[in-house]
Amino acid sequence: MFRLILGVLGVVLVLGVVRIGYVVTRASGALSHPEYTDNAACTPVEIAPGTEDVTYDPVSGLAFVSAAERRSGEMHPRNGIYVFDPEDPQSVRLVSIDAPADFRPHGISLWRGESESGEPLARLFVISHPYSGHQVLIYDVAEDGALSHLQTVSHDALRSPNDIVGVGPEQFYATNDVYFGDTPMGYLEAFLGLPLGSISYYDGQDGRIVAEGLAYANGININADGSEVYASGFIGRTVHVFDRDADTAELNRTARHPVPLGLDNIEVGPDGDLYIAGNVSVFDFLAHQSDPEARAPAQAVRVDPQTGDWTTVFADSGEAIDSPSVATRAGDQLLLGAVFDSHVLVCPYMAN
């Protein structure tokens, strides 16, 4: 019996080492060698530290930016939601005027629809990580982009939220990147690339888990008619496609598309394709986290959600922007934000 136990432990140890080697090799970027794009015409627009998520509103022509200082882990006076016109770099302004003092914004989503009386509505959903626990703040959006706080949501299924997509005036999906949250077990889960990430749904009254099995679930978005939901696995380097039941909000996974990039936030372009930025090398990204002068290579891709075919739309050594976390189509421009950099990079978009 003792030998059997030792044998089982030996097998488990070997499998663990193999798993770690597999995850580390992919995360290192050793298998990814993107050809750099011509970024000479790109312009940095200074916002605030940590432009982690950017979404564009074609109705107002404004880009909304979620910014928070993430290196120190402390609250920062410039944490907030900003807007600017991509055609006017001098138009940057803070719009989360009534945000709480412990505001630490993360993923954001802009939803447009109608009230029960048929009036047009615009809502901005914002994940925040105050010390008291994870929250989603829902804001009313004025025509000029100004925000008015409507409500704050917390629920048990909001375990470790990373990104969000609004699907109604109070309804939303959110990714949980890891099961165990910001704990040693959560770090081990991420390090081993275990598929324990999930997607939660909030129906306006309560929340529940509607999808599981993602290795570090990160970005999330929805197609124009609401029939499909897309989620990215950062460690799994996979785009997950789900059919969505509009009546029940249930998700049924229909495809997994591998993409050789540490995938972060997802934006849906006017062409219906997915625009996703992420880490070429997680280890370069971690070095940049410790040292602002260390460069982290950058890449963003366009993914066909039906076929999984992908092409690089931006790639850089990290000089223009370090390891961007989001790539957003804004007409004939591409907007890139990053976890630690304080600017949004505005580039001409060249379809290929």
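Could you grab the pairs with beta carbons closer than 6 Å, sequence gap of 6+ or different chains, first residue in the stretch 100-113 and under 15 Å from A174 (Cβ atoms) and of a type outside the set (G, A, S), second one open to solvent by 50 Å² or more (accessible area, probe 1.4 Å) and in a loop (DSSP other than H, G, I, E, B)?
none
Quick one: D203 ticks every box in (1) modelled with pLDDT of 95 or more; (2) touching a strand residue (DSSP E or B) at 6+ places or on another chain (Cβ under 9 Å) except a single one, so which number is it?
Unmet condition: (2).
Note down all Cβ pairs under 6 Å where the first residue falls in the stretch 307-324 and is acidic (D, E), the second is open to solvent by less than 40 Å² (accessible area, probe 1.4 Å) and in a loop (DSSP other than H, G, I, E, B), and they're at least six residues apart or on different chains.
Here the result reads D316/N39; D322/A296; D322/D341, each pair linking the stretch 307-324 to a residue that is open to solvent by less than 40 Å² (accessible area, probe 1.4 Å) and in a loop (DSSP other than H, G, I, E, B).
Just give me the residues in the stretch 216-261 being crowded, with 17+ Cβ neighbours inside 10 Å, modelled with pLDDT of 95 or more, of a type in the set (G, A, S) and out of contact with any Asp or Glu (no Cβ under 9 Å at 6 or more places or on another chain), in sequence order.
G233
Counting only residues that are within 23 Å of the chain's Cα centre (by Cα) and hydrophobic (A, V, I, L, M, F, W, C), which one in the stretch 140-149 is surrounded by the fewest Cβ atoms within 10 Å (Cβ to Cβ)?
Here the residue is A146.
Just the residues that are aromatic (F, W, Y) and closer than 19 Å to V141 by Cβ, please, taken from the stretch 36-75.
Y56, F64
Can you name every one of the strands (runs of 3 or more DSSP E) wholly within the stretch 195-292 that holds 3 or more residues which are out of contact with any Gly (no Cβ under 7 Å at 6 or more places or on another chain)?
The qualifying strands (runs of 3 or more DSSP E) are 197-202, 207-214, 217-222, 228-233, 238-244, 251-258.
The values are calculated or read from the model by the stated rules, or taken from the named source; none is laboratory data. None of the values given here were measured: they were computed from a predicted structure. In this analysis, Cβ positions are derived from the backbone assuming ideal geometry, glycine residues included, and neighbour counts consider all displayed protein chains. Side chains included, ligands, DNA and RNA excluded: accessible areas come from the protein's heavy atoms. Shrake-Rupley method; radii C 1.70, N 1.55, O 1.52, S 1.80 Å.
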